[in-house]
1. Grab the other residues whose beta carbon is less than 10 angstrom from that of Ala179, score K and R as +1, D and E as -1, and report the net.
2. For Arg164 paired with Gln347, estimate the spin-label separation in nm (one decimal), with each label point 7 Å from Cα along the Cα-to-Cβ line.
3. Kindly state, to the nearest 0.05, the FRET efficiency for Ile181 paired with Arg41, given R0 = 51 Å and r defined as their beta-carbon distance.
4. Using a Förster radius of 56 Å, what is the FRET efficiency between Arg335 and Ile51 based on their Cβ-Cβ separation? Nearest 0.05, please.
5. Report the GluC sites (Glu not before Pro) located in region 274-351 that are in a DSSP loop and have at most 10 other Cβ atoms inside 10 Å of their Cβ, or state none.
6. With 31 Å as the limit, write out which pairs from Lys65/Lys276; Lys57/Lys190; Lys282/Lys318 have Cα-Cα distances beyond it, or answer none.
7. So what are the three principal axis dimensions of region 17-77 from its Cα atoms, in whole Å, longest to shortest?
8. At a Förster radius of 35 Å, what calculated FRET efficiency corresponds to the Cβ-Cβ distance of Val152 and Arg92, to the nearest 0.05?
Amino acid sequence: MKSSLFDDFERIEINRDDFLVEHYTFLNTSAIPEAVEARVRIDSWSEGFPINDEFLKRFRSKNNKQHAAAFFELFIFHYFKSNGFAIQCIERDKKPTPDFMVEINGENVFIECTCSSNSGIDEIIDKLQSTILDSFKKIDKRKHFINIDWLVSSNISPSLKRIRHLIREYICEESRSPALIIDDAGWKIKITLLPASNDVSRGVGILRSPVQMPTPHLNVLTALNDKRPSKYQLSSPYIIALYSEDMFLNYLDMELALFDRARFQDKLPVKRGKDKAFFIAKQHLTNSSVSAVLLVQRLTPYSSETPKMKLFNHPEPKFSFNNLQLKIAQWQFNRIDDDTFQIMEVQSQED
């Protein structure tokens, strides 16, 4: 039976600009080879996955965040299944439930998926950026890639008409400057052009995010706090699978979000923390019902490569599981004394 994730029609659209506006719409309608391969790949992931109306609504959503969350759930299902683990989706009823139950070494482990927002970019700015990108499709690009640097963003809508006019003039100039800087309503946008071959139907080239104060560890902490297992009443190991598209997020940020501090010489002092993190809150271990946090980054349907993944185990989980069965790079802990844990980095077989 053909998957209902995508519509069944002959595709002729080869313009790549829509990818930057509505991710699902581009994925569903594009005829470029990368999109064709992505649809085949996702259809293969969905084998055995119960595609109900609720999931389909989120996966087909024009809201990129809703689509990304559903896509991530599909990836987690595929990842465990393709690595030989029995995994099943848990039906949603009147009581809250995690997304999946997976059998690891004969033990049932629950998994809940969540997504961390991008640093410092709220939904209003996201929508404005999408609107600006969409406006570029109305420009005669004359076989150029338009590279966009969002130098400064604002929550006030800029004049799209003025932006289009300035870009049209810039493209038509015979002796143009290396870059066009547009200041409008608090926005500062840098436009540069690169030549494209005659058979290329693409207008937007490189896109860089606006300069802001990155707070990726706070975004991670917010996402994790929303998925604490207290509402599920579980008596088994529980993993939070966290997907982040945040270009600023690195492992140091994860240490801050989970442990309130970066490690020192592979040691984690518990009682020196001052703030509240997810695994350590004011000098005490907390959220021990969360056995581990699985971080997933660089996940895209347009590549067959496995995304970047790392498992951060709780130092003293209430319910442990055989985590070494997961061939994923991870942190484990050995208690040295009342104050300190020794951090052991376990590399996956692929590393």
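Read-outs throughout are calculated quantities, based only on the coordinates presented, and are distinct from any laboratory measurement. Just so we're clear, the structure is a prediction, and the values are computed from it rather than from any experiment. Cβ placement follows ideal geometry from the backbone for every residue including glycine, while neighbour counts extend to all protein chains displayed.
1. Overall, the nearby charge balance is +1.
2. Each label point is offset 7 Å from its Cα along the Cβ direction, giving 5.4 nm.
3. Calculated value: 0.80.
4. Plugging the Cβ-Cβ distance into 1/(1 + (r/R0)^6) gives 0.80.
5. Glu305, Glu350
6. Lys57/Lys190
7. Extents along the principal axes, in whole Å: 31, 22, 18.
8. Working from the Cβ atoms, E equals 0.25.
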